[in-house]
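Worksheet for the structure shown next.
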Amino acid sequence: MKDSCSFTGSGMEDKSNGSVDSKNPVENGQLPDPSNWGVADVVNYFKATGFEEQAVAFQDQEIDGKSLLLMTRNDVLTGLSIKLGPALKIYEYHVKPLQTQHLKINAS
């Protein structure tokens, strides 16, 4: 059974220079655990964090939650065919923290 996730854009602020303040959406004070997410959940997560254009790449590559947790920095930077700046932000501020949170949840 898949956990469905919903994210709101709260915590997101469009800046005048076109960048987005991409704070991590949290569930109950913690980052969500994407291990049971489907592709649509991954896409919705990145849309909610301000990466609407880049979310399409996760859809195109059929990245579900388990795949997201396995992604390396190189996978995000080169495998998704997205611009370097957003790719770096996606990995450092979203993929890596989600992986760390998943490891913490499963280590206890």
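A few points about this structure:
- Rounded, prolate or oblate (a/c below 1.5 giving rounded, otherwise prolate when a/b exceeds b/c) for the range 32-107 by Cα gyration tensor: prolate
- Positive end of the dipole of the range 32-107 (Cβ unit charges, origin at the Cα centre): among Val42, Leu88, Gln61, the Cα lying farthest that way belongs to Leu88.
- Each residue in Tyr93, Tyr45 was given a count of other beta-carbon atoms within 10 angstrom of its own, and listing them fewest first yields Tyr93, Tyr45.
Since every read-out is calculated from the coordinates, none of them should be taken as a lab result. It should be emphasised that the depicted structure is a prediction, and the values quoted were computed from it without experimental measurement. Methodologically, a virtual Cβ is constructed for each residue, glycine included, from the backbone with ideal geometry; neighbour enumeration extends over all protein chains shown.
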